[in-house]
Amino acid sequence: MASLSVFGAQWGDEGKGKIIDLLARDADFVVRYQGGSNAGHTVIVGEEKYVLHLIPSGILHPGKINVVANGVALDPLTFMDEVDGLRERGISVEASNLRLSTSAHVILDHHRKLDGLAETWRGVGRIGTTGRGIGPCYADKASRTGLRVADLLESKRCRERLSAALLEKNALFTHVHDADALDLEEQIEKYEAVGERLRPFVCDTGALLREAHAEGKSLLFEGAQGVMLDIDHGTYPYVTSSNTGANGIPSGSGFPARKVDRLVGIAKSYCTRVGEGAFPSEDQGEAGESLAREGHEFGSTTGRPRRCGWFDSVAVRYALELNGADGWIMTKLDILDSFETIRVGTSYVVDGEERMTWPVGCTDLEAIEVQYEELSGWQEDISAVRRYEDLPAATRAYVEWVEERVGAPILMLSVGPEREQVIPRGL
Ligand code: GDP
Ligand code: IMO
Ligand code: MG
């Protein structure tokens, strides 16, 4: 592996954490380049379960360098809690294996507060955000009123930037939202203190990655969320506030796009979504309930029940094409074990017309009608299978059929939450 990008090809929670942890064995660096603590990446190692929000999923492997790059919306309090939590569990987290960009924008108390208030004001148009302050932080980045990690490390600068930010935000809280203002001195003290804790980890991560690549080191880019939640290409406005696919790598990490050698999407054998917004293949009946039950579909970050539905080959093909993926990994194939029949969305009907492509520009995505095809299930436990040829014939038929509909090779199958529960197929 030279440089590999792994990203979610649905609406998040595709099993990225598990796969990144596995692939991290062959990487020297594991890099988060967008999103923030809205992400919840689950890694199971033996009896231990880790849910990582900000720290890359390579942290559980000794000797790997984990990088939180400039494109991440960094909540410094969550970051340090995560560092402390991992240390308490005996995982080594030091400046030698965790690096943080000087240029990452910082999520402050006022961003989290505003995230909640904005949702209340949106009323029926609410997005169902994770409430982690992601949108307001990226909005300030674009407005050029944000604070970056480097700003927390310099007392005078921290005071200046935070004073200016709070002047505006407190006016907004008190005059528009009828909410309490935040205390400037308290905020300065709090964030300067956490800045001191961040200091040992901070560096120019872009230079670090470019140098590492020049020295022949291998880099693994860990996407958060999924392509259908991408701010530009997802189901806007029901999206997150960053570029979630490989498209976020160059701006979010300072690593050149043309040097990413391989791009791999991740999608479940069915589909889920947390929060509001269009979900064409959602099943609100018995099948959706069974998928939720079998797949334990509860949010890793907020604990909310995930909406469930069938695999949507139109949306996954769009996500992979958009990012120029070399192929993809199908996760949670074992969750389909008990189904007598399995459905796959193969085309849409939009405004009375059948189409095979994602309807960019359609303002009423809720009205998409999905056309399904149905295949026989295998009704066997496949979680112990490790070689493709050992899978039941019906499982192989399903995999190959979906692969053909999506039009991109499936490079690995995942058949359980644990590291070793995978079936290689070219990766
Ligand atoms: P991420 O956000 O993409 O990292 O995914 P999450 O961790 O939020 O959700 C995926 C869930 O599925 C986690 O609980 C994983 O442990 C679990 N998981 C991942 N791959 C598989 C798989 O192949 N089979 C099963 N049964 N569970 C899986
Ligand atoms: P991982 O990395 C699933 C969703 C939220 C909401 C929308 C916007 O674990 O796959 P935000 O807080 O980002 O402003 O919320 O995006 N969302 C996710 N859904 N998995 C995630 O991350 C998500 N991160 C954000 O539920 O609908
Ligand atoms: Mg998740």
Among Asp26, Asp178, which comes first, second and so on when ranked by fewest other beta-carbon atoms within 10 Å?
Asp178, Asp26
Which order, highest average first, do 42-50, 414-422 follow once you tally other Cβ atoms within 10 Å for each residue and take the mean per peptide?
414-422, 42-50
Suppose every K and R has +1 on its Cβ and every D and E has -1 on its Cβ; what is the size of the dipole of segment 89-128 about the Cα centre, in Debye to the nearest 20?
100
Convert 20 °C to kelvin, take the viscosity as 1.002 mPa s, use the Kirkwood radius over C-alpha pairs of the chain as Rh, and evaluate the Stokes-Einstein diffusion coefficient in µm²/s, rounded to a whole number.
97
What is segment 1-142's relative contact order, in percent, from Cα pairs under 8 angstrom and six or more apart in sequence?
20
Given the DSSP H assignment, sum -39500 (n - 2.57) over each helix run of at least 4 residues in the chain and divide by its residue total; what's the result at 222 nm in deg cm²/dmol, nearest 500?
-9000 deg cm²/dmol
From the residues Ala207, Ile188, Thr174, which one has its Cα farthest along the dipole of segment 173-219 in the positive direction, the dipole being from +1 and -1 charges on Cβ of Lys/Arg and Asp/Glu about the Cα centre?
Ala207
Taking the simple approach of a point 7 Å from Cα along Cα-to-Cβ for both Ser143 and Asp364, what is their distance in nm?
3.4
What fraction of the Cα pairs in segment 303-342, stated in percent, has a spacing above 12 angstrom?
73
When the chain is treated as a Gaussian network with springs between alpha carbons less than 10 Å apart, the largest mean-square fluctuation among Gly195, Gly123, Gly254 is found at Gly123
Longest to shortest principal axis, alpha-carbon extents of segment 240-330, angstrom:
46, 26, 21
Segment 1-104: Rg/Rh from Cα coordinates, Kirkwood Rh?
0.92
Taking the Cα centre of segment 250-394 as origin, work out the dipole magnitude from +1 charges on Lys and Arg Cβ and -1 charges on Asp and Glu Cβ, in debye rounded to 20.
900
Residues in segment 273-292, backbone N under 16 Å from the label point at Tyr372 (7 Å along the Cα-to-beta-carbon vector): list them, ranges by number please.
273, 279-292
The size of the Cβ-based charge dipole (Lys, Arg +1; Asp, Glu -1) of the chain about the Cα centre, to the nearest 20 debye, is 1320
Radius of gyration, Dmax [segment 102-205; alpha carbons; angstrom]
14.1, 44
So which GluC sites (Glu not before Pro) in segment 335-386 pass both tests, a DSSP loop state and at most 15 other Cβ atoms within 10 Å of the Cβ?
Glu340, Glu380
Compute log10 of I(q)/I(0) for segment 275-427 with the Debye formula, placing one identical point scatterer on every Cα and leaving out solvent, at q = 0.14, 0.15, 0.18 Å⁻¹, to two decimals.
-0.75, -0.87, -1.24
Which residue, Ser347, Ile19, Gln34, has the largest displacement toward the positive end of the dipole of the chain when charges sit on each Cβ (Lys, Arg +1; Asp, Glu -1)?
Gln34
Normalised by the number of residues in the chain, what is the relative contact order in percent for Cα pairs under 8 Å and 6+ residues apart?
20
Distance between segment 208-285 and segment 309-363 - C-alpha centres, whole angstrom
16
How big is D, in µm² s⁻¹, for segment 1-54 by Stokes-Einstein at 10 °C and 1.306 mPa s if Rh is the Kirkwood radius over C-alpha pairs?
132
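The numbers here are math on the coordinates, done by the rules we state, and not lab data. Predicted, not measured: the structure shown is a model, and the values here were computed from it. Every residue, glycine among them, receives a Cβ derived from its backbone with ideal geometry; neighbour counts consider all protein chains shown.
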